[in-house]
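Each remark here refers to the structure printed beneath this line.
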Amino acid sequence: MHQQALEEVYYPRIQRDGITNFLSSKLGAFSDDLAVVTHFFTAPWHTPAAGLGENEQAGVLNWAGFRLRAMGRLREALQPMQANVDMSVQQENWIEAALGASNLSELQLDLGNVAAAVASGQQSVSYADQSEDGFQRMGKRSTHADALHQAGEKAQALERFIEAEQIQQEQQPENPRLYSLAGFRYCNLLLKQDTIAVLERAEYALALSEKYLGKGLGLHDIALDKLTLGRAHYLQGDFPQAIDRLDQAVTGLRQAGTRHHLPRGLLARAALNCDTHNPNHDFTHARQDLQEVYDIAEPSSMRLHLTDYHLEMARLLLAEREGGVKSPEEVDGRKALTLDEHVAEAARLIDATGYNRRLPELQELQRQLDLPVS
């Protein structure tokens, strides 16, 4: 009776008619949602229950992968997400295929397989175009753009974002700018070019996230918008506003239950606390945030976040050295990496993952330390 349970219990009573994704979007309760979804599998996470229709079988694979990823169980999420794409393409269900390929691209990016993420992002655009669904065509272009951005292909990424926003304007003329995750990604690319424009975009997106919470948007959307605001205020030198927004972002990401997003907030707050131009900089707090990034990213194989961790740790050690502060020699009973070792590990990861967006930052550190430039 799996199909009946889905239609009569899961959609209307647990997910509140399938519109709000109540457990995950409104409550951040991904583990509880996954516990329910488990019952729609014969063997988690690769064999959906035979009592489900074909479309629903593909759907539960995507649900499982999405929830596993949010909980930091990235390697487990890979199989159901890939199976969802394969099944949806076979069924010629192009909307589900676009969703699946987009989620797969995001997962591959988290795992540090940047070239694969770019390819899956391109696939998601192709499937979205075949679906002729405007919302999918907009959203999947932002997924592809984000993967291109992380690969260091900034010009191509910008073109994709502009395409996405043009479709957004056609579909929702009352909301002409990208918002939610698409808007966060676009602001991430624009951040160092035009902080004033980014502040305007993030305030606009935050208002929509709060307005539509539980109606298609979730707690993580609000937190990511606050993260963008915090980073933009930091770049403008408004340190009090920056720390306020970054604290809100970290708290919000914890509440949202999106473990794969949490390192973004922690890294941004650590960068602010590492910066000696900030009159209230706090090396101890920065180190605590960075240790949490490592504790999340290392066991989950979040290699892009690990790269960011090593780069930020190198900047922290450099700031401590220049400020005459003695860095700890041990962390959790283990010998701490040196400044040069953090830079070397960042270089190794960038080469292994194709995370070329970070290459200029690595090269700047290498020049500062008189190391061979990658």
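When residues in region 263-284 are screened for being within 30 Å of Ala70 (Cβ to Cβ) and assigned to a helix (DSSP H, G or I), 13 of them pass.
When Gly252 is tested against (1) over 21 Å from the mean Cα position of the chain (by Cα); (2) within 23 Å of Lys26 (Cβ to Cβ); (3) modelled with pLDDT of 95 or more, only condition (1) is not met.
Report yes if Arg315 is closer than 29 Å to His233 by Cβ and not small (Gly, Ala, Ser), otherwise no. Yes.
Within region 33-53, the set of residues being in contact with a Leu (Cβ under 8 Å, 6 or more places away or on another chain) and among the aromatic types (Phe, Trp, Tyr) comprises Phe40, Trp45. Checked against the criteria, Gln171 counts as at pLDDT below 95 and surrounded by fewer than 16 Cβ atoms within 10 Å (Cβ to Cβ). Screening the candidates Gln236, Gln255, Gln291, Gln241 for the property of being surrounded by fewer than 22 Cβ atoms within 10 Å (Cβ to Cβ) and free of Cβ contacts under 8 Å to residues at least 40 places away in the same chain yields one hit, Gln241. Only residues that are part of a helix (DSSP H, G or I) and either free of Cβ contacts under 8 Å to residues at least 12 places away in the same chain or more than 21 Å from Ala98 (Cβ to Cβ) (or both) were counted across region 38-59, and they come to 3. Residues of region 297-322 that are more than 21 Å from the chain's Cα centre (by Cα) and touching a residue at least 40 places away in the same chain (Cβ under 8 Å): Ala314, Arg315, Leu316, Leu318, Ala319, Glu322. Of all residues in region 64-104, those being free of Cβ contacts under 8 Å to residues at least 60 places away in the same chain and surrounded by fewer than 21 Cβ atoms within 10 Å (Cβ to Cβ) number 12. Taking the criterion of being surrounded by 15 or more Cβ atoms within 10 Å (Cβ to Cβ) and not small (Gly, Ala, Ser), the residues of region 33-50 that qualify are Asp33, Leu34, Val36, Val37, Phe40, Phe41, Pro44, Trp45, Pro48.
Only one of the numbered conditions (1) buried (at least 20 other Cβ atoms within 10 Å of the Cβ); (2) more than 30 Å from Asp238 (Cα to Cα); (3) hydrophobic (A, V, I, L, M, F, W, C) is violated by Ala115, and that is (1). Considered as a group, the residues in region 174-183 that are farther than 17 Å from Lys154 by Cα and either in contact (Cβ under 8 Å) with a residue 24 or more places away in the chain or among the basic types (Lys, Arg) (or both) include one that is surrounded by the most Cβ atoms within 10 Å (Cβ to Cβ), and that residue is Leu178. In the condition set (1) touching an Asp or Glu at 6+ places or on another chain (Cβ under 9 Å); (2) within 30 Å of Asn21 (Cα to Cα), Ser327 is compliant with all but (2). Would you pick out the residues in region 184-215 that are surrounded by 15 or more Cβ atoms within 10 Å (Cβ to Cβ), more than 15 Å from the chain's Cα centre (by Cα) and touching a residue at least 24 places away in the same chain (Cβ under 8 Å)? Leu191, Thr195, Val198, Leu199, Arg201, Ala202, Tyr204, Ala205, Leu208, Ser209, Leu213, Gly214 - these are the residues of region 184-215 that are surrounded by 15 or more Cβ atoms within 10 Å (Cβ to Cβ), more than 15 Å from the chain's Cα centre (by Cα) and touching a residue at least 24 places away in the same chain (Cβ under 8 Å). Counting only helices (runs of 4 or more DSSP H) that fall entirely inside region 101-212 and contain at least 1 residues that are touching a strand residue (DSSP E or B) at 6+ places or on another chain (Cβ under 8 Å) and more than 29 Å from Val89 (Cα to Cα), the qualifying elements are 195-211.
Only helices (runs of 4 or more DSSP H) whose full extent lies in region 288-369 are considered here, and the ones with at least 1 residues that are hydroxyl-bearing (Ser, Thr, Tyr) are 303-322, 339-353.
The values are calculated or read from the model by the stated rules, or taken from the named source; none is laboratory data. Being a predicted model, the structure only gives us computed values, none of them experimental. So basically every Cβ, Gly included, is an ideal-geometry build from the backbone, and we count neighbours across all protein chains shown.
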